[in-house]
Amino acid sequence: MAELTKMLRRDSLGWAFAAVAAGGAAALVSGGVLGNLPALIFGLAALVGLMVAIAGDIRVGLVAMIIALSLDTAGRLITSPVTVTVYHMTLLATLAIWALRLLSGDKRVRPRLSVVTLGFAALVLAAVFSLPLSMNQGATITAIIRLSFLLLFYLAFETFITDRGVARTVMIALVGSAAFSSTLAFVQYRFPGLVLGVIHTQTSRLGAVLVRPGGFFSDPNYLGTFLSVAILAAMAEAMHAKRFRSMILWFAAAGVCSVGLVVTFSRTAWVGVAAGFIVLVLSSPKRRVPWLLGASAAAVAVVLIVSPASVVSRFESITNVSSDKSIATRYLMLGSTVDMIEDHWALGTGLGAFDVAYEPYRRAGSHTYIFKPHEVPLAMWAEMGIPGLIAEVLLVVGVFIEIRRRRHKGWNRYEAAGVAGLIALLVQSLFQYYLYFEYLWLFFALTVAATRFQASPEEVSS
């Protein structure tokens, strides 16, 4: 029995079970769930195998969730009455094993709480407080459930990223799945007629067609944001690597992810990478900052040289409010959200009810078919009132407190990756509604967990 437990703890077996679970889910989808008995049996066997692997080492669940997240639309098991994906199954499997371990009295798996955890709990409570006066109570109830599971997702990563070894495994899973998604995006861009994954096409006023690959994500911007934080994570690993070979490998991984980022044409993701890059420069060992700046400048130069004109024009349109209606709509929605807050400042419109309340506040010149919020900070106040505002302040202040507690003599690579990714996501949340985007909460958890690592001599002397 001891040998079996030891075997189950091996990382390679955990990866194998995660891959089998993903393959089983794909088989379920292709077989119509109940329409193909062999596919159903294989899928159930994969789920059981994954749970056995998680029972052997609950950290396998972290890796499985990260891999499953990148599948998104390809991993959907059902879409009605609610969408259930491979990610949801891995989350539930991880939570189930965790609950059983807690009930058995295992003190090693007790949740590790922080000020950020308090802020997240306050966010869920704010959503509950917005329910009685919500303009769409059904949507608010759904939003409360989603936030509650996101809290558990965050808590799992905050609790089980206990050391550098676990953090490194999480980063490998994140960057590895991002490199795969980036490669897929490039293939989609080169062969837009290929029926694989999600591809969006946009037509400009002049009739030019823009092909925007989304990988397996429902929106190219989601893929872009995922790739943006993966790039920053890989660069943080590279800048803090002890060996030259490791540094080159991580920079290469960042390069692969950058290719996909460019062809998503996601302007918000490009801005996010730039914001996170500033954090990496400030937190990197001083002797390596010139390397980071030089390599990044060279990469940007190559991108500008080899990129088609559509990429350059897309980049130039980031601040073009007058002629780019997408940018104009985001700008105008900010004003509409402020107006909404003035009328519903106390308890909000109800989380998830923004689209119901929006039409009277919509300003001329914005897209008439967009009703969902496209940024997070003000929308949280508009939807959840003062309790929502308090929750987001607690989250931001909580991160600052956790970082300050370490009394820095040098940043470790996972703090650098966590804060850089978090800044990138928060900046992008000014243009996209990423409240339910799991990667945002993953980087909250990584940042908090990394502040608990003991400083190594290399970090102290850097």
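Largest first, what is the accessible-area ranking of VAL82, VAL273 with a 1.4 Å probe? Could you put the intermediate results ahead of the total?
Details: VAL82 85, VAL273 30 Å².
Result, largest first: VAL82, VAL273.
Which order do peptides 233-239, 192-198 fall in by mean Cβ count within 10 Å, highest first?
On the way: 233-239: 27.4, 192-198: 12.7.
Most protected by this proxy first, the peptides run 233-239, 192-198.
Round to the nearest 10 and report in Å² the accessible area of TRP270, as given by a 1.4 Å probe over the protein chains' heavy atoms.
For TRP270, the solvent-accessible surface is approximately 40 Å².
For every other residue with a beta carbon closer than 12 angstrom to the beta carbon of PHE251, add +1 if it is Lys or Arg and -1 if Asp or Glu, then tell me the sum.
Working: positive: ARG245, ARG288; negative: GLU237.
Once all neighbours under 12 Å are counted, the net charge is +1.
Would you check the accessible area of PHE129, probe 1.4 Å, heavy atoms only, in square angstrom rounded to 10?
120 Å²
Ignoring ligands and nucleic acids, what accessible area does TYR414 show with a 1.4 Å probe (Å², nearest 10)?
We get 10 Å² for TYR414.
For segment 153-239, which whole-number percentage of the solvent-accessible area (1.4 Å probe, protein heavy atoms only) is attributable to carbon and sulfur atoms? Before the final figure, lay out the partial values.
Details: 1980 of 3120 Å².
Whole-percent figure for carbon plus sulfur exposure: 64.
What net charge is computed for the residues neighbouring PRO377, neighbours being all others with C-beta under 14 Å from the C-beta of PRO377, Lys and Arg scored +1, Asp and Glu -1? Please report the intermediate quantities before stating the final value.
Details: positive: ARG330; negative: GLU375, GLU383, GLU392.
Once positives and negatives cancel, what remains is -2.
Which order do you get for SER218, SER336 if you rank them by accessible area with a 1.4 Å probe, largest at the top?
On the way: SER218 50, SER336 0 Å².
The ranking, largest first, comes out as SER218, SER336.
Mind giving me the nanometre distance, one decimal, between the label points for VAL195 and ASP339, set 7 Å out from Cα along Cα→Cβ?
4.5 nm
Can you tell me the relative contact order of segment 321-427? Whole percent, Cα pairs under 8 Å, sequence separation 6 or more.
Numbers: 98 pairs, mean separation 29.5, N = 107.
Reported relative contact order: 28 percent.
Quick check on packing: order 396-405, 165-174 by the mean number of other C-beta atoms within 10 Å, highest mean leading. All intermediate terms of the calculation are to be shown ahead of the outcome.
Numbers: 396-405: 15.7, 165-174: 19.7.
Taking the mean over residues of other Cβ atoms within 10 Å, the ranking is 165-174, 396-405.
In Å², what does the accessible area per residue of segment 75-223 work out to with a 1.4 Å probe?
Details: 7170 Å² over 149 residues.
Accessible area per residue, segment 75-223: 48 Å².
The values are calculated or read from the model by the stated rules, or taken from the named source; none is laboratory data. All values reported here derive from a predicted model rather than from experimental measurement. Heads up, the Cβs are rebuilt from the backbone with ideal geometry, glycines too, and the neighbour counts pull from every protein chain shown. Just so you know, the surface numbers come from the protein's heavy atoms only, side chains and all, with ligands and any DNA or RNA stripped out. Shrake-Rupley method; radii C 1.70, N 1.55, O 1.52, S 1.80 Å.
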